[in-house]
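To start, the structure itself, in structure tokens.
The values are calculated or read from the model by the stated rules, or taken from the named source; none is laboratory data. Everything numeric here is computed off the predicted structure, so don't read it as measured data. With ideal geometry, Cβ positions are generated from the backbone for all residues, glycine too; neighbour counts draw on all protein chains shown.
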Amino acid sequence: MTGRWIEVADGVHARRYEELDLTVGLVVGADRCLVVDTRGDLEQGAELAAAVRELTPLPWSVVFTHAHFDHTWGTEAFGPCAVWAHEGCRAELTEYAEGARAKWIDYYREQGKAQTADAIARTTFVVPDHLFTDRTELDLGGRTAVLLHPGRAHTDHDVVVHVPDVDVLFAGDVVENAEHGFSAFSFSAESDLTAWPDTFDRLLELRPRVIVPGHGDPVDADFVRYHRHGLHELIALKAAMGRGETTEAAAVAASRYPSDVTLAALATP
Ligand SMILES: [Zn+2]
């Protein structure tokens, strides 16, 4: 269950995994490095920490793009370090992580992945200790990483990481590159479908050359523009259903996304 580094710019790396099609990141400065998300349990986190050490010996800090387990539960393996996140992420991890643990242990046992279930059972959650609400800058030595909350989208506490000197943006699950772009996991009760297009606009205003999604291979700005149209379609379908002008089946048939993705989007609050 190892990963594969992709150097998307000089000293800026995405790491891809088969498990959940996850993508995490690493930004290397002259003095420090920043790890973007830590995978889903202590063993996965240890694999990532060792992989980072193959690229750089520099001291690290961590940033969470959002609280979901596959992005945050590997942090224990990084030892004591600064862990950055939106303040809403801290509340989410403090209040819901223990309940989510049982859910994901069951999920992996049902999939026959006992080792992952056991690793989640043994994982200690690390709560972020460096919090912000809108924007903050980290000086990595000769390079700045800008952490910002672009608005509500996948969750109410999404954070993206902008590396302006090379025009790279780590977008967490605000951007997904599954087979059809969004996946059924993109949309949940925590998501804000209506706000999402404006959040995409805030990403596009940064004029990124490379956008690293939370799942799937890196994409470009045109990918985000295409799915911005897709979001507007989903919003319109949801509104038409709300007014009784269309049925769920007709909305699914009219959508550019597969039925499971469309139904997840229509079920958002
Ligand atoms: Zn997520």
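Taking only the stretch 17-32 into account, find how many residues are charged (D, E, K, R), closer than 20 Å to Tyr108 by Cβ and in contact with an Asp or Glu (Cβ under 9 Å, 6 or more places away or on another chain).
Within the stretch 17-32, residues that are charged (D, E, K, R), closer than 20 Å to Tyr108 by Cβ and in contact with an Asp or Glu (Cβ under 9 Å, 6 or more places away or on another chain) number 2.
Name every residue in the stretch 196-222 that is assigned to a strand (DSSP E or B) and buried (at least 23 other Cβ atoms within 10 Å of the Cβ), in order of residue number.
Ile211, Val212, Pro213, Gly214
Restricting to the stretch 1-51, give me the number of residues that are of a type in the set (Val, Ile, Thr) and more than 13 Å from Gly74 (Cα to Cα).
Qualifying residue count, the stretch 1-51: 7.
I'd like to know if the stretch 149-166 contains one or more residues that are closer than 23 Å to Pro269 by Cα, polar (S, T, N, Q) and either within 16 Å of the ligand (Cβ to nearest atom) or part of a strand (DSSP E or B) (or both).
Within the stretch 149-166 (the criterion being closer than 23 Å to Pro269 by Cα, polar (S, T, N, Q) and either within 16 Å of the ligand (Cβ to nearest atom) or part of a strand (DSSP E or B) (or both)), the answer is yes, since at least one residue qualifies.
Condition check ((1) in contact (Cβ under 8 Å) with a residue 40 or more places away in the chain; (2) under 21 Å from Val163 (Cβ atoms)) across all residues:
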{"position": "Trp73", "(1), (2)": "yes, no"}
{"position": "Tyr107", "(1), (2)": "no, no"}
{"position": "Gln115", "(1), (2)": "yes, no"}
{"position": "Gly151", "(1), (2)": "yes, yes"}
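Filter the stretch 163-180 down to the residues that are surrounded by fewer than 22 Cβ atoms within 10 Å (Cβ to Cβ) and in contact with a helix residue (DSSP H, G or I) (Cβ under 9 Å, 6 or more places away or on another chain), then identify the one that is farthest from Val36 (Cα to Cα).
His180
If you go through the stretch 19-75, how many residues are within 16 Å of the ligand (Cβ to nearest atom), under 16 Å from Arg4 (Cα atoms) and assigned to a strand (DSSP E or B)?
5
Under the condition of being closer than 17 Å to Arg152 by Cβ and touching a Leu at 6+ places or on another chain (Cβ under 9 Å), which residue from the stretch 225-269 is surrounded by the fewest Cβ atoms within 10 Å (Cβ to Cβ)?
Pro269
Scan Ala171, Ala119 and give me the residue that is at pLDDT 95 or above and either within 16 Å of the ligand (Cβ to nearest atom) or assigned to a strand (DSSP E or B) (or both).
Ala171
Criterion first (within 15 Å of the ligand (Cβ to nearest atom), more than 15 Å from the chain's Cα centre (by Cα) and surrounded by fewer than 22 Cβ atoms within 10 Å (Cβ to Cβ)) does Lys103 satisfy it?
Here the answer is yes, as Lys103 does meet what is asked.
Return yes or no: is Leu193 part of a loop (DSSP other than H, G, I, E, B) and either of a type in the set (Lys, Arg) or within 18 Å of the chain's Cα centre (by Cα) (or both)?
Against the criterion (part of a loop (DSSP other than H, G, I, E, B) and either of a type in the set (Lys, Arg) or within 18 Å of the chain's Cα centre (by Cα) (or both)), Leu193 qualifies.
What are the residue pairs meeting all of these: first residue in the stretch 2-16, first residue outside any strand (DSSP E or B), second residue of a type in the set (Lys, Arg), Cβ atoms under 7 Å, and 6 or more apart or on different chains?
Gly3/Arg15; Gly3/Arg16
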